[in-house]
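Reading through the structure tokens given below for one structure.
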Amino acid sequence: MSHRFEGKVAIVTGGARGQGEQIVRALAREGGSVVIGDVLDDLGQTVADDVGDAVVYTHLDVTAPEDWAGAVALATSTFGGLDVLVNNAAIYRKQLLKDETAADLDKVLAVNLHGPFLGIQAVAPAMRARGGGSIVNVSSLAGTTSYAGHGSYSMSKWALRGLTRTAAIELEASKIRVNAVLPGNIRTGMSPTTASSDTPTGLKRQADPQETANVVVFLASDDASFVNGTDVVADGGSLLG
């Protein structure tokens, strides 16, 4: 096991379960200190307790600027600074456009787009104080193509790619890299299908959450020091045909 995150501090949103939990555990295994931000307080605290002293939990509603301020303050007071943000928290809605309402759309955009926007604003000063950092936004394959019933979700994930590139340009002078991961079908509660016939991927299977976590960890690390403002698709080849 490498120690790519020795001495580094991360905030991971939506880190209480699924893909986010695997990202938290991967960062901690590689020597990082992690603040889990989530609204699932019991689950988040359980993960933090299980991983150990390198991980703490805080209630973080990504749509609330005051929660972001609290998470950044916790990272700096507990671990001495902040180097990495993983904007992983998201909500998924499958609904045809004819049935979608403006209120439905607003709920999805609030978490999937406004949340990362607020997070980038909140962490940038702390990262500048450390001489730079890395932000990884978890978009989706639905942010580069789309499917029936994915109107609001796709809108949020396409827009997150645009936010990623703008932030990468604006934060480059501060040595803060910003990239996006676009996962395909992952075996989590958000995408529970397991039958290979229902999985439109070149590899004919769902991804294990750890496989996506590996991509996130790479982009967050100094191994990706020359990668900025880009999209990394992790879809098992489903876009090939």
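The values are calculated or read from the model by the stated rules, or taken from the named source; none is laboratory data. All values reported here derive from a predicted model rather than from experimental measurement. Glycine also receives a Cβ, built like all others from the backbone with ideal geometry; neighbour counts cover every protein chain displayed. Note: accessible area is taken over every heavy atom of the protein model, side chains too, but ligands, DNA and RNA are not part of it. Shrake-Rupley method; radii C 1.70, N 1.55, O 1.52, S 1.80 Å.
Based on what the data block shows, is residue 80 over 15 Å from the mean Cα position of the chain (by Cα) and at positive phi? So residue 80 passes the test. Among the conditions (1) at negative phi; (2) more than 16 Å from the chain's Cα centre (by Cα), the only one that residue 34 does not satisfy is (2).
Going by the structure shown, is residue 81 under 27 Å from residue 153 (Cβ atoms), touching a residue at least 12 places away in the same chain (Cβ under 8 Å), open to solvent by less than 40 Å² (accessible area, probe 1.4 Å) and not hydrophobic (A, V, I, L, M, F, W, C)? No: the conditions fail for residue 81.
Here is a yes/no grid of residues against (1) under 25 Å from residue 108 (Cβ atoms); (2) open to solvent by 10 Å² or more (accessible area, probe 1.4 Å):
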| site | (1), (2) |
| --- | --- |
| 18 | yes, yes |
| 22 | yes, yes |
| 33 | no, yes |
| 41 | yes, yes |
| 45 | no, yes |
| 48 | no, no |
| 52 | no, yes |
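Looking only at the range 57-111, which residues are within 21 Å of residue 5 (Cβ to Cβ) and in a strand (DSSP E or B)? Steps first, please.
Quick first cut of the range 57-111, residues within 21 Å of residue 5 (Cβ to Cβ) only: 57-58, 60, 71-89.
Within the range 57-111, 57, 58, 84, 85, 86, 87 qualify.
Number of residues in the range 140-180 that are modelled with pLDDT of 95 or more and outside any helix (DSSP H, G or I) equals 6.
Going by the structure shown, is residue 49 in contact with a strand residue (DSSP E or B) (Cβ under 9 Å, 6 or more places away or on another chain) and either free of Cβ contacts under 8 Å to residues at least 12 places away in the same chain or farther than 23 Å from residue 120 by Cβ (or both)?
On the way: in contact with a strand residue (DSSP E or B) (Cβ under 9 Å, 6 or more places away or on another chain): yes; either free of Cβ contacts under 8 Å to residues at least 12 places away in the same chain or farther than 23 Å from residue 120 by Cβ (or both): yes.
Here the answer is yes, as residue 49 does meet what is asked.
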